[in-house]
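Here is the structure we will look at, set down as structure tokens.
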Amino acid sequence: MAKTIWISGDTHFGDAHALTLFQRPFADVATMDAYFLEMLNRQIGKGDVLIHIGDFCGPVPEGQDAQIEHARKIRQQIRCKKIRLIRGNHDPKSEQFASLFDSVKDQMNFRREIGNERVIVSHYPLRAWRGQLSGALHLYGHTHGALEEVGRSMDVGVDCWKYAPIQLDHALSILAARPVTPPSGWVRRQEIREDIVKGVDDPSAMNARA
């Protein structure tokens with residue numbers, strides 16, 4: 001049976017502050033954790049792969065050791081064997097935490113099987129990404145649906161998808177159907193800073209002398 005690749009993120013397991021900060025409709029953090037686990041295990045098979053785009057567990061008042069221990073308990077309850085983590089700002093930088101996952105990276109870059117578009121996956125949303133003007137696709141999280149999607153970019157965090165994971169192919173097919181911004185050049189929107197440039201001729205004056 002062919003494995004399916006899923007993507008999700010920004011779960012903030014164990015983070016009570018996430019209930020109010022992200023306006024999540026759960027009575028308490030235990031209910032939130034249980035619901036997220038149910039949605040993961042209902043859809044993702046044991047032999048499937050989950051790409052998690054970061055903030056697996058949110059910070060807890062007891063500190064990082066308690067956060068890692070909670071992450072371990074949650075990981076034990078997720079039945080899929082392989083979880084590839086794209087590190088978020090709340091994910092501890094420790095070997096003990098990293099050992100819970102099949103791999104831990106800051107960013108993922110690969111080619112889509114259908115269409116061969118480049119895919120850039122990161123925790124943080126990018127305003128410009130590699131291959132953007134030639135059709136590259138960008139999947140991100142971090143902003144919990146608060147940031148407008150630009151071009152072929154998409155927030156794949158749980159807050160945007162009814163607190164459930166989505167199939168990677170489904171997300172990429174949605175993005176691939178969106179138009180590509182034509183490579184018509186760059187329009188300068190930032191003024192040239194003259195206050196820190198000392199002893200440099202005005203380019204327009206140099207052209208006039210040529």
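The values are calculated or read from the model by the stated rules, or taken from the named source; none is laboratory data. From a predicted model like this one, the values you see are computed outputs, not experimental measurements. Cβ placement follows ideal geometry from the backbone for every residue including glycine, while neighbour counts extend to all protein chains displayed.
Could you list, in sequence order, the residues of region 152-191 that are out of contact with any Gly (no Cβ under 8 Å at 6 or more places or on another chain) and modelled with pLDDT under 90? Residues satisfying the conditions are Pro182, Pro183, Ser184, Gly185, Trp186, Val187, Arg188, Arg189, Gln190, Glu191.
To keep it simple, each residue is scored yes or no on (1) of a type outside the set (Ser, Thr, Tyr); (2) surrounded by 13 or more Cβ atoms within 10 Å (Cβ to Cβ); (3) closer than 24 Å to Val60 by Cα.
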| position | (1), (2), (3) |
| --- | --- |
| Gln76 | yes, no, yes |
| Asn89 | yes, no, yes |
| Phe97 | yes, yes, yes |
| Leu100 | yes, yes, yes |
| Ser103 | no, no, yes |
| Gln107 | yes, yes, no |
| Arg111 | yes, no, no |
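As a summary of the residue check, Ala164 satisfies the conditions (1) within 27 Å of Tyr35 (Cα to Cα); (2) aliphatic (A, V, I, L, M); (3) surrounded by 19 or more Cβ atoms within 10 Å (Cβ to Cβ); (4) touching a residue at least 24 places away in the same chain (Cβ under 8 Å) except for the one numbered (3).
Note on region 85-132: enclosed strands (runs of 3 or more DSSP E) holding 3 or more residues that are touching a residue at least 40 places away in the same chain (Cβ under 8 Å) are 118-122. Considering only region 50-57, I want to know if a residue exists there that is in a strand (DSSP E or B), touching a residue at least 12 places away in the same chain (Cβ under 8 Å) and in contact with a Gly (Cβ under 7 Å, 6 or more places away or on another chain). Scanning region 50-57 turns up at least one residue that is in a strand (DSSP E or B), touching a residue at least 12 places away in the same chain (Cβ under 8 Å) and in contact with a Gly (Cβ under 7 Å, 6 or more places away or on another chain).
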